Amino acid sequence: MRKVGFFNSIHVKFVLIYVMLILLALQIIGLNFSRGLEQTLKKNFTTSIEDRINLVEFSVREEMLKERPSDDPSLESSLRTVLTGFSSADINEVLVIDSKYRILASSVLDHQKTLVGRKSTEDIVKRAIISETPSPQVIKYSKKTDGRVLIRAFPIMNGSEVIGALYVESNIEKVFTQIDQINRILAGSAAVSLTITIIIGIFIAQTFTRPISDMRRQAQAMAKGNFSRKVRVYGNDEMGQLAIAFNHLTNQLLESQSTTEAERRKLASVLENMTDGVISTDRKGRVSLINDSALNMLGMTSDLVLNRPITNLLGIEKEYSFEDLIEMRESIPLDFSTETEPSILRATFSVTQRETGFVNGLIIVLHDNTEQEKIDMERREFVSNVSHELRTPLTTMRSYLEALADGAWKNEDIAPAFLNVTQTETERMIRLVNDLLKLSRMDSNEYELNTEWVDFSTFFNSIIDRFEFSKSEDVSFRRIIPPEDLFVEIDTDKLTQVIDNIISNALKYSPDGGIVRFHVAVLEDSIRVSISDEGLGIPPSNVNRIFDRFYRADKARSRAMGGTGLGLAIAKEMINAHGGRIWAHSVEGEGTTILFTLPYEQHDEGEWDV
Ligand code: ADP
């Protein structure tokens, strides 16, 4: 957060405003006070001067009105006496002037000889005599006293006639000095009171700004995720209320933050434990979140995925734009299969929007459909195989039956052969349908194994014996079967079917003079049975496929030999049901070995004797 500048801080602003207001008040008070004081002092001064001048004027007038001969010098000496008798500290000089502006006397001794008899040149004297009223006051600087002096002229009246004037020069400097002193005292007190005001202002401002600064620090701490701090409540005023409200807000925020955090964790754990993949994007379609399932499905790591455009990540940028996905109402299949591993995903899109309708992003749910697709494909293949397997014998039968219906039945040479063919095909169809029924029962777990404990060596030998007696091919049998008892818990009927199928295949594919070998090996917790022939063998890429339903390495030959392509598939189901495993080894041109295991527990000899 930005630091608050010194002059921007409320604290400084408050003190400044406060000081300015006090300063303004002091200025107004000081100005009015000093002006009033100045006027009062001046007025008092002039009044006291005027009062004394009135007395002097009276005496002077008396002297001037006395009957004297015109050149009697006693007037000047009488006036001098009057003026000399009048002495005052604040009056510098008083001049008596007659109506013709001639100076008659001066209160200053030195001037009595120099000025008396001369004409006064002062304007104010002339104005007083002409206007018959006292002249206005004039204040000017006097070199003599090195200060300001107040000069004034008063007319001397005899009734309505002006007989002369008094010129008065008084020393007003003392008044100004007094005013200056008072102003200085005023300024000093103002400075002291201002200083005290500033100090008080700073303290008062602090009472406002401290809680605010505290709240600012609290807000900064909250922004960093620290909700443990509390604002101090200084009082019960508005600031205190605000601090309480702020602390309450902090608690609320803490609570809602922990709720949000808990929700976030819950969501994260839901996302992580989901088997479906979940991807979310921002409003520009860039990946912002992806769970582990989605990463596994796409075979990616999160650093390769985050911020990547979703259309690019799903490999659909040629077909769809991000806007298309926003509008998408149906799920779309995505094929991520590699050469070795099939992977079919189904993506469903939903838009995250604000209340205003503004699109915030997209949520994509990826569902792994590989198994479902595989099952669907197998089912389609199975139906097509079954139809094909049934159509072939039916077509053959129809053509033979049509031929018979067209009159071949009358032909004694052909008819039995034709009927024989239809019978063989019918039997094959019955075998096929029976095999299918068996498989279907196994698929739906509708069958039960009727197990019993049998000695496998005896059981196996008896089956091989049966084949050895009845075989027509020029094939010899070799057995490596342990002579001792190997007790296993098996459903003899079902295992007979399995072994019959394997032996008949071995005989079917054995060349003339070939050897079929039978071997039983005792392993740690099982017995392993193998039946090998020296036939054509099976191409290596197809070896494992011979246990698939309807798989036939050589279709024409298998069919010609009456095979349904289901024998080994049924064998696999049955061996699995017994808790064993079946597989094949084959080298093309050398022969094939079919092996299977059955669970077997070795017992001590004595155990059976008890
Ligand atoms: P089928 O009824 O066609 O014999 P199976 O399920 O028993 O059906 O066998 C599946 C296919 O496996 C056969 O069509 C054949 O191509 C191959 N096969 C099975 N056993 C052998 C073997 N011993 N030698 C060569 N190929 C074999």
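Under the convention that each Lys and Arg Cβ holds +1 and each Asp and Glu Cβ holds -1, the size of the dipole of region 177-334 around its Cα centre is about 880 debye.
Just going by the charge dipole of region 160-308, with Lys and Arg at +1 and Asp and Glu at -1 on Cβ, which of Ser302, Val233, Asn247 is farthest out on the positive end? My answer, from the dipole projection, is Ser302.
Ordered from longest to shortest, the equivalent ellipsoid semi-axes for region 5-127 are 57, 14, 12 Å, each the square root of 5 times a Cα gyration tensor eigenvalue. In the frame of its principal axes, region 315-354 has Cα extents of 43, 18, 15 Å, reported largest first.
The Kirkwood radius of region 438-521, taken over pairs of alpha-carbon atoms, gives through the Stokes-Einstein law at 37 °C and 0.692 mPa s a diffusion coefficient of 229 µm² s⁻¹. Assign one of three labels to region 430-588, namely rounded, prolate or oblate, based on the Cα gyration tensor with a ≥ b ≥ c the square roots of its eigenvalues; rounded applies when a/c is under 1.5, prolate when it is not and a/b is larger than b/c, and oblate otherwise. Oblate, since a/c reaches 1.5 and b/c is not below a/b. For region 260-371, the dipole from Cβ point charges (+1 on Lys and Arg, -1 on Asp and Glu) about the Cα centre works out to 480 debye, to the nearest 20. Rounded to two decimals, the Cα radius of gyration of region 284-434 over 2.2 N^0.38 Å is 1.92.
Of the residues Ile151, Gln112, Thr47, the one whose Cα sits farthest toward the positive end of the charge dipole of region 40-166, with +1 on the Cβ of Lys and Arg and -1 on the Cβ of Asp and Glu, is Ile151.
Measure up Lys438/Lys471; Lys230/Lys284; Lys119/Lys143; Lys43/Lys113 against 32 Å on the Cα-Cα distance and list the ones that go over. Listed pairs above 32 Å: Lys230/Lys284; Lys43/Lys113.
Comparing Met64, Leu23, Pro134 along the charge dipole axis of region 1-137, the residue lying farthest to the positive side is Leu23, per the Cβ-charge model.
Show me the trypsin sites (Lys or Arg not before Pro) within region 78-172 that DSSP assigns to loop and that have at most 15 other Cβ atoms within 10 Å of their Cβ. Numbers along the way, then the final one.
Numbers: sites: Arg80, Lys100, Arg102, Lys113, Arg118, Lys119, Lys126, Arg127, Lys140, Lys143, Lys144, Arg148, Arg152; in loops: Lys100, Arg118, Lys143, Lys144.
When the trypsin sites (Lys or Arg not before Pro) of region 78-172 are filtered for loop state and at most 15 Cβ neighbours within 10 Å, Lys100, Arg118, Lys143, Lys144 remain.
Max-minus-min Cα coordinates of region 220-325 on each principal axis give 68, 29, 21 Å, with the largest extent listed first.
Of the Cα atoms belonging to region 124-208, the radius of gyration and Dmax stand at 24.1, 77 Å.
Taking the Cα centre of region 101-140 as origin and assigning +1 to Lys and Arg Cβ atoms and -1 to Asp and Glu Cβ atoms, the resulting dipole is close to 140 debye. The GluC sites (Glu not before Pro) of region 119-195 that DSSP puts in a loop, and whose beta carbon has at most 14 other beta carbons within 10 Å, are Glu132. Computed over all pairs of different Cα atoms, the Kirkwood value for the hydrodynamic radius of region 27-67 is 12.4 Å.
Sorted into 10 angstrom bins from 0, the C-alpha pair distances of region 126-266 split as 10, 18, 13, 10, 8, 8, 9, 10, 8, 5, 2, 1 percent. For Lys266, a cut-off of 19 angstrom between C-alpha atoms picks up these aspartates and glutamates, skipping any fewer than 8 places away in its own chain: Glu255, Asp276, Asp292. Loop-located GluC sites (Glu not before Pro) in region 268-374 (DSSP state other than H, G, I, E, B) with a sparse environment of at most 13 neighbouring Cβ atoms within 10 Å: Glu317, Glu319, Glu330, Glu339, Glu355.
Would you please classify the overall shape of region 418-475 from the alpha carbon gyration tensor, given that a ≥ b ≥ c denote the square roots of the eigenvalues, rounded means a/c under 1.5, and beyond that prolate means a/b larger than b/c while oblate covers the rest? Cα axes put region 418-475 in the oblate bin.
Estimated from helical segments only, the mean residue ellipticity of the chain at 222 nm is -17000 deg cm²/dmol, where each DSSP H run of four or more residues counts as -39500 (n - 2.57).
How far is helix 173-223 tilted off the main Cα axis of the chain, in degrees rounded to 10, range 0 to 90? Relative to the chain, helix 173-223 is tipped by roughly 10 degrees. Using bins of 5 Å that start at zero, the share of Cα-Cα pairs per bin across region 9-50 amounts to 5, 21, 13, 13, 10, 11, 7, 7, 5, 4, 2, 1, 0, in whole %. Against the main long axis of the alpha-carbon atoms of the chain, helix 567-577 sits at an angle near 60°. When all alpha carbon pairs of the chain are counted in 10 Å bins from zero, the resulting P(r) reads 3, 9, 10, 8, 8, 7, 6, 5, 5, 5, 4, 4, 4, 3, 3, 4, 5, 4, 2, 0, 0, 0 %. The calculated Kirkwood hydrodynamic radius for region 383-460 is 15.6 Å, given to one decimal from all distinct C-alpha pairs.
Classified by the C-alpha gyration tensor, region 467-506 has an oblate form. Its axis ratio a/c, with a ≥ b ≥ c, is 1.5 or above, and a/b does not exceed b/c. Dimensions of region 481-559 from C-alpha coordinates, computed as largest minus smallest value along each principal axis and given longest first, are 41, 30, 24 Å.
Once the Cα atoms are used to define both axes, helix 456-470 deviates from the longest principal axis of the chain by about 50 degrees. For region 74-196, the spherically averaged projection of the C-alpha convex hull amounts to 9.9 nm².
Read-outs throughout are calculated quantities, based only on the coordinates presented, and are distinct from any laboratory measurement. The structure displayed is predicted, hence computed values, not measured ones. Note that we place each Cβ from the backbone using ideal geometry, even for glycine, and neighbour counts take in every protein chain shown.
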